[in-house]
Structure formats: structure tokens, C-alpha cells
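What follows is a single structure, and I will ask about it in a moment.
The values are calculated or read from the model by the stated rules, or taken from the named source; none is laboratory data. All figures in this text were calculated on a predicted structure; none of them were measured in a lab. In this analysis, Cβ positions are derived from the backbone assuming ideal geometry, glycine residues included, and neighbour counts consider all displayed protein chains. The protein model used for the area step is the full one, side chains on, heavy atoms only, and it has no ligands, DNA or RNA in it. Shrake-Rupley method; radii C 1.70, N 1.55, O 1.52, S 1.80 Å.
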Amino acid sequence: MNEISKDLKTFDRPVNLGNPQMGWASDVAAEMLRRLGIKYISLNPGASYRGLHDSLVNYLGNEDPQMLICLHEDHAVHVAQGYAKATGEPMACALHSNVGLMHGLMGIFNAWCNRVPMVVMGATGPVDAAIRRPWIDWIHTSKDQGAMLRSYTKWDDEPRSAEALVETMFRANQMTRSQPPGPVYVCLDAGLQEQALTEEITIPDTARYQPSDPPRASQNAVAEVADMLLSAKSPILMIGRSARTEEAWDNRVKLAEAVGAGVFTNLRNSAVFPSDHLLHIGRPSGGVNPVMREAVHGADVILSLNWLDLGGTQKLLRRNGEIRGKLINCTLEQYVHNGYGMELFELPAADIKIDADHDAFVEQLLAEIDSRGAKSTWDGKRVGPEPEGYQIIASRPADGNIEPADIVTALAEVQGDRKISLNRAASGGIGPAFHMTNPLSYLGHDGGGGLASGPGTSVGAALAVKGTDWLPVAVLGDGDFMQGNTALWTAAKYRIPMLVIISNNHSNFNDELHQETVAKDRNRPVENRWIGMRISEPDINFSDLATSLGFEAGGLVTRMGDLLPAIEAGLQAVEAGKCYFIDINVSTGYAVPPLMRGGNKGE
Ligand SMILES: Cc1ncc(C[n+]2csc(CCOP(=O)(O)OP(=O)(O)O)c2C)c(N)n1
Ligand SMILES: [Mg+2]
């Protein structure tokens, strides 16, 4: 048991645990979650899974997995997503039959788009009409609940017996953890859950049902790409969504240094490469920017390691003409593509396509380069432009407005040697001072662009670092926050330290820009872009709201001069183990160009 789970086990202890025998079908489901190494199950309760609920409490004693009560299914799913984003490991969440599932669907879509592992436990029925209670069991029974999410999960099942449940759970575990990962859904018939076991259920050794090692590239592909990278004059690595381990991080650095490749990373994804490395070209960005245009068009070899929306990126880059360098695309993405949505993105061009796990491919390339005794051609100098200077917060007019991107800049300026896990940045972006130096430094976006995700994913990400010296910080838009704010209560309940900062522009501002675009296209007044957008009149007292959910709150910050002390106080509060909240009024606008932002925006 790790420190984190030990700590959480002081909460919600069941009493009178007198019947620890596996006696009911739902006990088998609970037992399987434990055997699969699932530490937490986030949930909002519902009678359709009352059998499983009882098994988690009274059979497992609310340990491994431990329940995390959430106030909305959307939060339950997003907490699991945030935890997986930070750890690479699946949590479980439980969703009540059809209605709870319906609430959780957007979170599942976000998790799917973000390719995170997650075991979604659902329920329905009783499937056998003869044992259905009138009215309620009938409205909460659907024939094929999996149909609601089959298009954006890797797999779903509805086992018909306790014995079958064992296989279902083993398969769910393999599926969700295999590359590329993604959520899986197990629907438990309420009737089955509550059936007494009539014979002993044999559960085979979990070790025999583990997922495979990630698929590797052929030796030919490895040799060919090593040749190309080693002989290239200006190679580029475009590193997309990648493994969460420090080992994989170090390997990417070794590869870039071994071949002298410039590196791009994307703010939509978690940190995958040190942003302050001399080989990182420009700042991590949310889209295509002039620095990227110049570098890619000047490159002779471009290796995409699971770059997000490679086809769309190429399309934007082709505005400056055809990309002349050799294009290599290493990804397993296509294994989870289906015909439902377009989150597979435009088909990218590739001179060499490699269907392999890209982090494994990096390892293979390193071994190949090493075996050749090849010396690095990199001269140790910066690739790409020198970073532009910026005006530090302390030198700005104390009464001046705060721009959205200043929040993360201020965070970086007060950081010192503290380890900050920025688990979310609002649409205003990430100012120039913050650097990603570890996989936990920054955890990217929600994948599916579905609002309400910020609070829940942040709680899950904070849970993942509870008990460590990482300080989790979420910077959330006011619109996103208001869609999911009650997720904070779960953090307060389980004393999960975290700092939540609201980048408060009193608006769904992203969409004001859209209305402006349309108005301009139609020669209509742009002055009206705010109508139907603003979150004001009345203004919401965010700090009171957060306080009511169990957070401590600093005062409203409206002036630049108060920004640094407010954030310093916030970090100190989290260091002291608190859930802390800061509401910061920011300008209604994004001073930072879109290329510095990572949220829901386009180029
Ligand atoms: C579930 C959902 N509803 C609506 C949208 C459309 N949408 C995208 S960004 C945005 C505004 C979000 O406001 P906020 O979080 O305050 O960020 P801001 O745009 O103000 O920077 C909206 C409504 C969405 N992406 N997801
Ligand atoms: Mg806003």
C-alpha cells in the first residue's frame, strides 16, 4: 500500500465488518477491481449498483479500491481522467444505470479523446423483468447501455454470470491499459449483482492476464529511421501525447541530443520534454506558430512521435508550401480509430509510417544509435530563436490589469525550488516564465474540449500527487469552473491539498471571439459579441462558493500589485496541506497570441 492510499484510508471507515466471505456476484466484481490494482473508485451513488456498492464497503472494507464520493457523475469520470493523466494508471469510476451514465458521457468522451486508461463500472436493470420493481427499475433499465458510449470507448461488456464477470474484468484491464489506452465500460446487471453465489468462483492468477508490452517497430524501420536521423542536417522531433514515466522523458531527451534534433511539444498534451532545453524550439504551443513554420520548412527529417492532429498540423504548415523534409509518423493511434467521430483528425502524410508505440520506438532508436557507436553531431547550441524577454510581474504598474497568461507567469516567478504540477491552464494560456521540467510539471488539457472538465480532472491530478512534494495547481476559466465547481468538494472531503485559481474574465470569452468573427464576416456590429456570453450581473462570488465547498480562499485579486503575494500565499497553503482557492480578475481578452495557448482554440 502506498503512502497516499494509507492516508486516505482514514476516511469513511466501515464498522462491524463481519462477513468478509465472497458470497454475492457483486463481490466478484469488487474483488476483481482489487486484484487488478485499482486503488480508487470515484462515484455518485445509485440503486442500480447497490450490490456493488455493498461489496466495496462491506466485503472489501472500502479499501483498494477506496471510494471517492463525487457530487456529479461528470466529476467522477473527470477525477479518474485527471488521475490517469498524472500517473498513466487507470482508476475506476461507478456510474448509475442510464441516468448516471448519461451524466458521465461527456467525461468519457474527454477521456477517450485524451487516450487515458479508465475502468467505468456501470449498471442496469434488473435485466430480468420479473424481478424489476415497478416504475423506477423500468425507467432505469436500458437494453444496450453500452450503445451510448461504444463509439468512444475501447470496449464494453455486460456479463451474464459471476463466472463471466471474472473474464470481463480481466479483459477490461487488458484493454484499458494496452497502448493506446482508453476507457472501457463494464455494465453490471442489478439482478446479477444481487445474486448469491451458488458455487465457489475461481479467479485465476492475475499475472496471467496482463496487457502486452507496447508493440515495437520492425528492425528495418528502426535502422532506416536511425540512418535518416543521423545523416540529417536539421532533424525535428514532434512529440505528442506520451508515456508519463521519467524514464521515457529521459529517453526522449537522449534521442534529441544524440541526433541534434529540434523538438516541438504541444500544450494540449501533458509535458513530454523539458521546455527549457536548448533543443526545444520556441515555447510549447497550442498550435502552429511562425517558429514552427520556419523550423519545419527548414528541416530535412521530421519524426512525429504521436503528434496530436498531425494531419491538421501539416495542413496549416502547407500554407507556406509543401513540406520538403522526409516525414516519419510513428503512432498506434489508428488502432483505436473508428467511424463514429472525427477525433481521428485528418489523415497525415508520411514517407514512412510506423505502426508502433512511439516511446518504445525511441528506446529502439537509442539502442540502434548506441550500437553503431554514433557520436552526437549536436554542437550544444540552442536550436531555434532565443526566447523573447518579458517584463517581470514585479516591474509592472501595481494598479494595472492582470492578463490571463500572467497567472502562470506569476506562479513561475514565485515558484523557487518548489515542484509545481500545473494540472490545467485556462484558455488565456501559459506565460513565458513557466517551464516544464518533469512529466508532472504540466498535464495538458481534457482531450475532448468538453467544459466542466477542469475542476474534476484537477482533483484527480491532485489526488495522484497527494503525499508527495509536488504542489498541484489548477488555473481554470470561470466558465469551465462554473460547469464543474462542485468537484472541489471531493478534494476538501478527502483533504487532497491543491491550489485552484480562477482566471476570471467574467465571460465565456472564447465564444465572444467566435461571435466577433461571424459579425465581421457578415458586416454586423462586433460590439454585440458579449451578449449571451458574459458571466456577470450578477457577478458570482467564487471565493464564497469555494469556501462553501470546503476550500480556504484568499481575497479577490484585481490588481497586478497583489498577484505575486496572492499566489505565494496559495502555494504556502498547499504546502501546509490545504485546499486553497484564489479568484483573480483578468482582462476580458487574451493578450497572449493563440499560439501560446493550449485550450479549445484553433491555430
Ligand atoms: C460542454 C461544453 N459546452 C460549451 C463549450 C463551448 N465553449 C468552449 S470555450 C467556452 C468558454 C469557456 O469559458 P471559460 O472557461 O471562462 O474560458 P474563457 O473562454 O473565458 O477563456 C465555451 C462555452 C464547450 N467546449 N464544452
Ligand atoms: Mg471566462
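Taking the residues in segment 469-485 that are in contact (Cβ under 8 Å) with a residue 60 or more places away in the chain and more than 11 Å from ligand 1 (Cβ to nearest atom) as candidates, determine which candidate is farthest from ASN541 (Cα to Cα).
LEU471
Quick one: in segment 386-422, which of the residues that are over 15 Å from PRO284 (Cβ atoms) and within 16 Å of ligand 1 (Cβ to nearest atom) is farthest from the chain's Cα centre (by Cα)?
Only one residue fits best here, namely ASN401.
Give the residues of segment 63-73 that are in contact (Cβ under 8 Å) with a residue 40 or more places away in the chain and open to solvent by less than 10 Å² (accessible area, probe 1.4 Å), sorted by residue number.
GLN66, LEU68, CYS70
Let me ask something else. Under 8 Å by Cβ, and 6 or more places apart or on different chains, what pairs join a residue from segment 404-428 that is under 12 Å from PRO472 (Cα atoms) with one that is within 14 Å of ligand 2 (Cβ to nearest atom) and open to solvent by 10 Å² or more (accessible area, probe 1.4 Å)?
Correct list of pairs: empty, since none qualify.
While we're looking at this one, here's another question. Does segment 534-543 contain at least one residue that is over 30 Å from LEU463 (Cα atoms), open to solvent by 80 Å² or more (accessible area, probe 1.4 Å), in a loop (DSSP other than H, G, I, E, B) and without any contact (Cβ under 8 Å) to a residue 24 or more places away in the chain?
Yes: segment 534-543 contains one or more residues that are over 30 Å from LEU463 (Cα atoms), open to solvent by 80 Å² or more (accessible area, probe 1.4 Å), in a loop (DSSP other than H, G, I, E, B) and without any contact (Cβ under 8 Å) to a residue 24 or more places away in the chain.
Condition (residue is open to solvent by less than 20 Å² (accessible area, probe 1.4 Å) and either of a type outside the set (Gly, Ala, Ser) or within 11 Å of ligand 2 (Cβ to nearest atom) (or both)) applied to segment 513-528: is it met by at least one residue?
Checked segment 513-528: no residue is open to solvent by less than 20 Å² (accessible area, probe 1.4 Å) and either of a type outside the set (Gly, Ala, Ser) or within 11 Å of ligand 2 (Cβ to nearest atom) (or both).
Residue by residue through segment 270-286, note down the ones that are within 14 Å of ARG241 (Cα to Cα) and modelled with pLDDT under 95.
Within segment 270-286, PRO284, SER285, GLY286 qualify.
Kindly indicate whether any position in segment 212-226 is part of a loop (DSSP other than H, G, I, E, B), out of contact with any Phe, Trp or Tyr (no Cβ under 7 Å at 6 or more places or on another chain) and under 30 Å from ASP144 (Cβ atoms).
So far as segment 212-226 goes, yes, one or more of its residues are part of a loop (DSSP other than H, G, I, E, B), out of contact with any Phe, Trp or Tyr (no Cβ under 7 Å at 6 or more places or on another chain) and under 30 Å from ASP144 (Cβ atoms).
For segment 371-391, give me each residue that is without any contact (Cβ under 8 Å) to a residue 24 or more places away in the chain and open to solvent by 60 Å² or more (accessible area, probe 1.4 Å).
Here is the first cut: in segment 371-391, the ones without any contact (Cβ under 8 Å) to a residue 24 or more places away in the chain are 371, 373, 375, 386, 389, 391.
Selection gives SER371, LYS375, GLU386, GLY389, GLN391.
Something else now. Kindly establish whether TYR59 is among the hydroxyl-bearing types (Ser, Thr, Tyr), open to solvent by 10 Å² or more (accessible area, probe 1.4 Å) and in contact (Cβ under 8 Å) with a residue 40 or more places away in the chain. Reasoning before the result, please.
Numbers: among the hydroxyl-bearing types (Ser, Thr, Tyr): yes; open to solvent by 10 Å² or more (accessible area, probe 1.4 Å): yes; in contact (Cβ under 8 Å) with a residue 40 or more places away in the chain: yes.
So TYR59 passes the test.
Can you list the helices (runs of 4 or more DSSP H) found entirely within segment 90-201 that contain at least 2 residues being free of Cβ contacts under 8 Å to residues at least 60 places away in the same chain, open to solvent by 20 Å² or more (accessible area, probe 1.4 Å) and under 17 Å from SER48 (Cα atoms)?
Because the criterion is at least 2 residues that are free of Cβ contacts under 8 Å to residues at least 60 places away in the same chain, open to solvent by 20 Å² or more (accessible area, probe 1.4 Å) and under 17 Å from SER48 (Cα atoms), the helices (runs of 4 or more DSSP H) in segment 90-201 that meet it are 99-113, 136-139.
Tell me, which residue of segment 1-37 that is open to solvent by 30 Å² or more (accessible area, probe 1.4 Å) and of a type in the set (Gly, Ala, Ser) is modelled with the lowest pLDDT?
Per the stated criteria, the residue is GLY18.
Could you tell me which of the residues ALA356, ALA299, ALA295, ALA350 is at pLDDT 95 or above, among the aliphatic types (A, V, I, L, M), outside any helix (DSSP H, G or I) and farther than 19 Å from ARG241 by Cα?
Among ALA356, ALA299, ALA295, ALA350, only ALA299 is at pLDDT 95 or above, among the aliphatic types (A, V, I, L, M), outside any helix (DSSP H, G or I) and farther than 19 Å from ARG241 by Cα.
Shifting gears a bit: Has segment 511-523 got at least one residue that is free of Cβ contacts under 8 Å to residues at least 12 places away in the same chain, away from ligand 1 (no atom under 14 Å from the Cβ) and closer than 25 Å to ALA464 by Cα?
No - not one qualifying residue is present in segment 511-523.
Filter segment 285-296 for residues that are open to solvent by 30 Å² or more (accessible area, probe 1.4 Å) and of a type outside the set (Asp, Glu); which is nearest to ILE323 (Cα to Cα)?
Checked segment 285-296; the qualifying residue nearest to ILE323 (Cα to Cα) is ARG293.
Quick check, is ARG244 under 19 Å from the mean Cα position of the chain (by Cα) and basic (Lys, Arg)?
Yes.
So, one more: Mind checking which helices (runs of 4 or more DSSP H) fall wholly inside segment 399-512 and carry at least 3 residues that are more than 16 Å from ligand 2 (Cβ to nearest atom) and open to solvent by less than 10 Å² (accessible area, probe 1.4 Å)?
By residue number, 406-415, 453-465, 488-493.
Which one of these is more than 14 Å from HIS506 (Cβ to Cβ) and within 16 Å of ligand 2 (Cβ to nearest atom): LEU564, LEU545, LEU556?
On the way: LEU564 fails: within 16 Å of ligand 2 (Cβ to nearest atom); LEU556 fails: more than 14 Å from HIS506 (Cβ to Cβ).
So the residue among LEU564, LEU545, LEU556 that is more than 14 Å from HIS506 (Cβ to Cβ) and within 16 Å of ligand 2 (Cβ to nearest atom) is LEU545.
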